[in-house]
1. Could you check segment 1-24 and list, in sequence order, the residues that are of a type in the set (A, V, I, L, M, F, W, C) and assigned to a helix (DSSP H, G or I)?
2. What about Leu43, is it open to solvent by 80 Å² or more (accessible area, probe 1.4 Å), in a helix (DSSP H, G or I) and of a type in the set (A, V, I, L, M, F, W, C)?
3. Among the residues of segment 23-57, which ones are closer than 17 Å to Ala2 by Cβ and either among the hydroxyl-bearing types (Ser, Thr, Tyr) or touching a helix residue (DSSP H, G or I) at 6+ places or on another chain (Cβ under 8 Å) (or both)?
4. Check off (1) within 23 Å of Arg53 (Cβ to Cβ); (2) loosely packed, with under 11 Cβ neighbours inside 10 Å; (3) among the basic types (Lys, Arg) for Arg6 and give me the number that stays unchecked.
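The values are calculated or read from the model by the stated rules, or taken from the named source; none is laboratory data. Quick caveat, the model's predicted, so the values are computed rather than measured. In this analysis, Cβ positions are derived from the backbone assuming ideal geometry, glycine residues included, and neighbour counts consider all displayed protein chains. The protein model used for the area step is the full one, side chains on, heavy atoms only, and it has no ligands, DNA or RNA in it. Shrake-Rupley method; radii C 1.70, N 1.55, O 1.52, S 1.80 Å.
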Amino acid sequence: MAVEARIRELGSRHHSLDQAIQDELNRPASDEARLKELKRKKLKLKEEMEALRARTH
């Protein structure tokens, strides 16, 4: 059960980062360095979720 809770937590953080990316893209002068960092973090979370899912199956 703990793994599933961790996956849900990571999914929530992944969604929050997605929203932050969209917010940054909607700004008149979006910060490319911030976008790159947000996308990097989002990808890392996705990879971690996939690894956890692979372990549970």
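1. Narrowing segment 1-24 to residues of a type in the set (A, V, I, L, M, F, W, C): 1-3, 5, 7, 10, 17, 20-21.
Residues satisfying the conditions are Ala2, Val3, Ala5, Ile7, Leu10, Leu17, Ala20, Ile21.
2. Working: open to solvent by 80 Å² or more (accessible area, probe 1.4 Å): yes; in a helix (DSSP H, G or I): yes; of a type in the set (A, V, I, L, M, F, W, C): yes.
Yes; evaluated as a whole, the condition is true for this residue.
3. Glu48, Met49, Leu52, Arg53, Arg55, Thr56
4. (2)
So that you can scan it fast, the table gives a plain yes or no per residue for (1) open to solvent by 80 Å² or more (accessible area, probe 1.4 Å); (2) of a type in the set (S, T, N, Q); (3) modelled with pLDDT of 95 or more:
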| site | (1), (2), (3) |
| --- | --- |
| Ser12 | no, yes, yes |
| Pro28 | yes, no, no |
| Asp31 | no, no, yes |
| Leu38 | no, no, yes |
| Glu48 | no, no, yes |
